[in-house]
Amino acid sequence: AYVRSAIGKDRIVAKDDASSLVYTLKHNNIVNYISHPDWVTLTKDGTTLKLETTANNTGHVRSGYIKYVIGNDEDSLKVVQCDFDKDVAGDR
């Protein structure tokens, strides 16, 4: 089972403010995280994945990938951090 299917998402979207998101993972093998963006902190505890983001003060949408291995399979999960009004719509 891949992490994306284990949390029911193909990407994680967070707001610009620092946030903490918790997902329950359903998998049948050990998940090992290889890398993640420097603005993301991961904490794994059994079947729980806690993802914490620092505040996005760039003024732009930022994204990155959590890379992981389950058994012999390597894959990634996209993480996006943005607020539409601040990062996409901008000033008019």
Inside segment 11-32, can you point out the residues that are assigned to a strand (DSSP E or B) and open to solvent by 40 Å² or more (accessible area, probe 1.4 Å)? R11, V13, S20, L21, V22, T24, N32
Would you say Y68 is in contact (Cβ under 8 Å) with a residue 60 or more places away in the chain and not β-branched (V, I, T)? yes
Of the residues in segment 33-49 that are closer than 19 Å to D16 by Cβ and in a strand (DSSP E or B), the one that is least open to solvent (accessible area, probe 1.4 Å) is V40
Give the number of residues within segment 50-88 that are touching a Ser or Thr at 6+ places or on another chain (Cβ under 6 Å) and within 15 Å of S19 (Cβ to Cβ). 5
Would you check if A6 is open to solvent by less than 70 Å² (accessible area, probe 1.4 Å), in contact with a Lys or Arg (Cβ under 6 Å, 6 or more places away or on another chain) and at pLDDT below 90? yes
With the first residue restricted to segment 22-33 and required to be under 18 Å from E52 (Cα atoms), and the second required to be surrounded by fewer than 11 Cβ atoms within 10 Å (Cβ to Cβ), Cβ contacts under 6 Å at 6 or more apart or on different chains are none
Looking only at segment 50-57, decide whether some residue is part of a loop (DSSP other than H, G, I, E, B), open to solvent by less than 40 Å² (accessible area, probe 1.4 Å) and among the polar types (S, T, N, Q). yes
Tell me yes or no: at least one residue of segment 27-35 is of a type outside the set (A, V, I, L, M) and farther than 18 Å from D75 by Cα. no
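The values are calculated or read from the model by the stated rules, or taken from the named source; none is laboratory data. Computed from a predicted structure; not experimentally measured. Backbone-built Cβ (ideal geometry, glycine too); neighbour counts: all protein chains shown. Only protein heavy atoms, including side chains, enter the accessible area calculation; ligands, DNA and RNA are left aside. Shrake-Rupley method; radii C 1.70, N 1.55, O 1.52, S 1.80 Å.
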